[in-house]
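The values are calculated or read from the model by the stated rules, or taken from the named source; none is laboratory data. Every value quoted in this text rests on a predicted model; they were computed, and no experiment measured them. For neighbour counting, all protein chains shown are included, and Cβ atoms are generated from backbone atoms with ideal geometry for every residue, glycine included. Side chains included, ligands, DNA and RNA excluded: accessible areas come from the protein's heavy atoms. Shrake-Rupley method; radii C 1.70, N 1.55, O 1.52, S 1.80 Å.
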Amino acid sequence: MSTQTSTATRMTIAKALNAGMRAAMERDPKVVLMGEDVGKLGGVFRITEGLQKDFGEDRVIDTPLAEAGIMGAAVGMALRGYRPVVEIQFDGFVYPAFDQIVSQVAKMHNRSLGALKVPMVIRIPYGGGIGAVEHHSESNESYFAHTAGLRVVTCSSTEDAYWMMQQAIASDDPVVFYEPKRRYHERGVLDLGAQGGALENAPHALDEAVVRVEGSDVTVLTYGPMVKVAHAAAQAAELEDGPSIEVIDLRSLSPLDTEVIEESVKKTGRCIALSEAQTFASITSELAAYVQEHCFYHLEAPVLRVGGYNIPYPPSRHEEVFLPDLDRVLHAVETLLAY
Amino acid sequence: MSDDDVAPQGAPVSTGGHEPPERDITDGGPDMVQFLAADGSRVEVTPTTEPYAAYLEEIDHEELRGFLRDLILVRRVDSEGFALQRQGELGLWPSLLGQEAAQVGAGRAMRPQDYAFPGYREHGVAWCKGVPPENLLGMFRGVNHGGWDSNANNFHLYTIVIGNQMLHAVGYAMGVSRDGDVGTGDAERDTAVMAFTGDGGTAQGDFNESLVFAAVTNAPVVFYVQNNHWAISEPNDRQFTIPPYRRADGFGFPGIRVDGNDVLASYAVTRHALDRARAGQGPTLIEAFTYRMGAHTTSDDPTKYRISAEVDAWKAKDPIDRMTAYLRAEGAIDDAWIEQIDAEADELATRIRRACQTMPDPPHEEMFAHVYAEPHRLIEREAAAFADYQSGFED
Ligand SMILES: Cc1ncc(C[n+]2csc(CCOP(=O)(O)OP(=O)(O)O)c2C)c(N)n1
């Protein structure tokens with residue numbers, strides 16, 4: 001954890017993402033932002049606020065309302081040497097672009113035997129908990145993690161939002177960057193002191209998992225909006241002199257940082273894979289399978305998945321029971337300890 | 001020259017962002033079909049508008065009053081939806097303020113057997129199709145994802161993903177043709193389909209594909225683009241360089257621009273297009289030239305991107321004021337009539353408000369209902385586990 005120094009500021013994840021894009025745009029004139037309403041309005045979540053004003057309409061492009069068009073055009077721009085950062089307005093609206101992403105974005109480099117690169121970032125505000133209508137609360141990261149050729153990442157803190165955005169933009173691979181929308185307005189510390197803002201000095205690599213809370217009895221593997229929930233569960237357990245929970249923020253869903261995962265599970269012997277997404281055929285499924293395959297002799301209990309139920313994301317009046325909360329995590333912890 | 005007829009030849013090349021051309025977005029141009037001027041006076045019929053004008057000759061005062069009543073009540077449904085959102089009863093409300101005439105004209109032109117495929121702002125069409133306004137609230141309150149029986153009034157569920165419903169409409173219309181429900185001459189059998197979207201929606205792949213499908217299958221469908229000039233913060237020039245109605249030509253069927261703030265015009269033009277469709281003569285694209293007076297939805301802040309002079313200019317074209325002035329001049333309505341409709345609107349608002357406030361939250365087990373039409377092992381297991389887990393919290 002960073003300490004408050006003169007170079008540290010408190011800011012929201014939203015502002016940190018904005019600052020990350022700004023830094024990337026200042027560093028590299030080939031970085032362009034594209035999407036619906038990203039210009040004057042600054043995006044419906046205001047993540048690109050002020051960037052068009054400062055960088056102009058050629059670099060912050062309000063596109064037609066056409067996701068396949070946005071994505072396909074971004075591929076072409078990337079082939080021409082630009083680094084497009086594309087905003088999909090809401091998780092549920094990425095599907096019109098799905099074909100472009102899985103058929104073209106993901107495979108171009110491989111098909112050209114490495115000759116072509118499509119360095120682009122696909123930003124997707126994702127997840128529920130904001131009381132939105134249909135198609136505005138999905139966690140569809142598994143579709144893209146399933147597709148080879150894409151990197152899939154997500155952040156859970158101000159610091160990560162700032163650095164990971166820049167790393168994603170600097171990556172020569174296409175990166176699907178999931179932004180946890182219900183955490184946009186949560187504040188954290190960004191300390192550029194030691195790093196001086198230089199990308200090489202970022203605290204973690206883009207594909208590195210980070211231990212957020214150390215613990216010895218149960219490992220919770222999680223990411224994005226659920227990191228906070230896992231954190232709260234660990235604190236609650238500690239306050240009640242309950243089991244000691246280790247929380248791992250995966251950050252990168254493809255590739256997974258398996259070293260950090262294995263090290264933790266081998267230490268604790270119990271593991272929960274936690275996410276908002278439906279659990280069937282998902283990131284949490286993959287985590288459970290991986291851990292069982294690689295840590296079998298260290299496990300005291302089966303790996304449990306805790307996630308959304310396998311139903312379409314429900315109307316918002318059900319959100320409180322659909323989204324995993326502190327109780328569901330602690331319930332899973334109890335279940336594991338009962339083995 | 002119409003405002004959107006830009007596409008200047010040999011214009012200076014820009015490197016990406018472009019300067020929107022100076023245009024008067026309040027002027028629909030000479031191609032626009034209009035019967036009522038902004039002040040409510042009747043516009044002279046021209047050879048271009050004559051085929052549509054015929055539909056107005058049949059209309060008597062009683063029916064004209066019905067149009068105005070619809071406009072007023074639909075506006076009230078909308079303002080009540082807006083108020084309910086502000087009071088925390090609804091999570092979101094997409095307002096149709098300013099678009100009442102575009103929707104009531106189209107809705108009134110439909111017959112009961114005609115099917116509507118709406119976006120999410122078509123409260124006025126829903127009204128004309130007889131859908132109780134209360135039904136529209138569940139989705140915005142977060143108790144369901146639609147919830148009404150589409151087949152009860154031939155009004156499909158709202159569709160949030162821009163453009164999707166345009167293809168559904170065409171497919172439905174293809175089914176209508178296969179069933180032989182076009183061109184029989186039987187007014188109660190011949191059926192047409194209406195597909196609604198906004199100006200932004202015309203940029204989507206689905207929209208363009210729907211035009212292709214309709215053209216090559218000669219589907220009995222009427223595409224109804226409400227050009228309200230904004231797709232959230234993006235003005236028309238971010239979505240197209242020729243106006244939507246002219247696009248139909250490239251797909252091989254007629255396109256018409258109509259004054260969407262003139263209920264008589266939108267009614268007549270839609271009647272014409274629906275008659276063509278029902279007669280087996282294929283699709284038509286109508287662009288209703290109108291304006292979104294309020295914010296995009298209650299989550300939006302239009303002060304970030306648009307100027308109030310524009311809104312003021314459109315205020316002067318208000319569809320209700322216009323129709324009121326016309327009917328007053330015709331001697332078809334008086335103050336007493338207006339008072340009576342206003343009282344009716346008050347009652348309607350009370351009814352909607354009560355329905356919204358007393359709408360029960362769905363029991364959480366219901367989440368697992370209707371995910372599949374047939375039994376599904378995973379869902380059954382999860383539903384049981386969920387019930388078991390929840391019962392752990394009961395004392
Ligand atoms: C596929 C898709 N992309 C993005 C959105 C988010 N969105 C909702 S409404 C809207 C603008 C729609 O504008 P327009 O089609 O002109 O219709 P209007 O709302 O003005 O009636 C956008 C971008 C969406 N609903 N669906």
So in region A:50-88, with the set limited to residues that are acidic (D, E) and in contact with a helix residue (DSSP H, G or I) (Cβ under 6 Å, 6 or more places away or on another chain), which one is nearest to the ligand (Cβ to nearest atom)?
A:E67
Name every residue in region B:29-53 that is surrounded by fewer than 16 Cβ atoms within 10 Å (Cβ to Cβ), touching a residue at least 24 places away in the same chain (Cβ under 8 Å) and part of a helix (DSSP H, G or I), in order of residue number.
B:P51
Name the residue that is farthest from the ligand (Cβ to nearest atom), counting only residues in region B:156-189 that are hydrophobic (A, V, I, L, M, F, W, C) and away from chain A (no Cβ under 12 Å).
B:A187
Among the residues that make up region B:290-298, is at least one of them more than 16 Å from the ligand (Cβ to nearest atom) and either under 16 Å from A:L41 (Cα atoms) or among the charged types (D, E, K, R) (or both)?
no
Exactly one of (1) modelled with pLDDT under 95; (2) of a type in the set (D, E); (3) open to solvent by less than 20 Å² (accessible area, probe 1.4 Å) is unmet by A:E240. Its number?
(3)
Would region B:144-154 turn up any residue that is touching an Asp or Glu at 6+ places or on another chain (Cβ under 6 Å), assigned to a loop (DSSP other than H, G, I, E, B) and farther than 17 Å from B:D206 by Cα?
yes
Name the pairs whose Cβ atoms lie under 6 Å apart, with the first residue in region A:198-226 and closer than 25 Å to A:K181 by Cβ, the second in a loop (DSSP other than H, G, I, E, B) and open to solvent by 50 Å² or more (accessible area, probe 1.4 Å), and 6 or more positions between them or separate chains?
A:D207/A:P255
Does B:I256 meet the test of being over 28 Å from B:V170 (Cβ atoms) and open to solvent by 10 Å² or more (accessible area, probe 1.4 Å)?
no
State yes or no: is B:G147 within 13 Å of chain A (Cβ to nearest Cβ) and away from the ligand (no atom under 16 Å from the Cβ)?
yes
Residue list for region B:351-395, filter: outside any loop (DSSP other than H, G, I, E, B), more than 11 Å from chain A (Cβ to nearest Cβ), out of contact with any helix residue (DSSP H, G or I) (no Cβ under 7 Å at 6 or more places or on another chain) and within 30 Å of B:E80 (Cα to Cα):
B:R351, B:R354, B:Q357
Does B:E344 meet the test of being within 29 Å of B:D259 (Cα to Cα) and either away from chain A (no Cβ under 14 Å) or in contact with a Ser or Thr (Cβ under 6 Å, 6 or more places away or on another chain) (or both)?
yes
Counted residues in region A:159-184 being closer than 13 Å to A:M21 by Cα and in a helix (DSSP H, G or I) come to 11
Among the residues of region A:25-45, is there at least one that is at negative phi, more than 13 Å from chain B (Cβ to nearest Cβ), touching a helix residue (DSSP H, G or I) at 6+ places or on another chain (Cβ under 9 Å) and within 14 Å of the ligand (Cβ to nearest atom)?
no
Number of positions in region A:8-44 that are open to solvent by less than 30 Å² (accessible area, probe 1.4 Å) and either closer than 15 Å to A:D54 by Cβ or not in a strand (DSSP E or B) (or both):
21
Residue selected from region A:94-118 under the condition within 26 Å of A:V133 (Cβ to Cβ) and surrounded by fewer than 20 Cβ atoms within 10 Å (Cβ to Cβ), by the criterion nearest to the other protein chains (Cβ to nearest Cβ)
A:Y95
I want to confirm something. Restricting to region B:303-324 and keeping residues that are free of Cβ contacts under 8 Å to residues at least 40 places away in the same chain and aliphatic (A, V, I, L, M), which single residue is most open to solvent (accessible area, probe 1.4 Å)?
B:I307
Scanning region B:80-124 residue by residue, those away from the ligand (no atom under 16 Å from the Cβ), away from chain A (no Cβ under 14 Å) and of a type in the set (D, E, K, R) turn out to be B:E80, B:R86, B:R108, B:R111, B:D114
Residue pairs meeting the criteria (Cβ under 6 Å; at least 6 apart or on separate chains; first open to solvent by 20 Å² or more (accessible area, probe 1.4 Å), in region B:291-302; second more than 9 Å from the ligand (Cβ to nearest atom) and not in a loop (DSSP other than H, G, I, E, B))
B:A295/B:P302
For region A:52-64, what are the residues that are in a loop (DSSP other than H, G, I, E, B) and open to solvent by 20 Å² or more (accessible area, probe 1.4 Å)?
A:G56, A:E57, A:D58, A:R59, A:P64
Within region B:125-143, restricting to residues that are in a helix (DSSP H, G or I) and within 14 Å of the chain's Cα centre (by Cα), the one that is nearest to the other protein chains (Cβ to nearest Cβ) is B:L136
Matching residues in region A:287-332 - criterion: being more than 14 Å from every other protein chain (Cβ to nearest Cβ) and surrounded by 20 or more Cβ atoms within 10 Å (Cβ to Cβ):
A:L287, A:A288, A:V291, A:C295, A:V303
Failed item, numbered, when B:A152 is tested on (1) open to solvent by less than 50 Å² (accessible area, probe 1.4 Å); (2) out of contact with any strand residue (DSSP E or B) (no Cβ under 9 Å at 6 or more places or on another chain); (3) modelled with pLDDT of 95 or more
(1)
From the residues in region A:68-80 that are open to solvent by less than 10 Å² (accessible area, probe 1.4 Å) and within 12 Å of another protein chain (Cβ to nearest Cβ), which one is farthest from A:L116 (Cα to Cα)?
A:I70
Of all residues in region A:89-112 being assigned to a loop (DSSP other than H, G, I, E, B) and over 16 Å from A:L150 (Cα atoms), which is farthest from the ligand (Cβ to nearest atom)?
A:F90
Does B:N227 satisfy the criteria of being polar (S, T, N, Q) and either more than 9 Å from the ligand (Cβ to nearest atom) or within 17 Å of B:A102 (Cα to Cα) (or both)?
yes
So, A:E49, is that one assigned to a loop (DSSP other than H, G, I, E, B) and surrounded by fewer than 19 Cβ atoms within 10 Å (Cβ to Cβ) or not?
yes
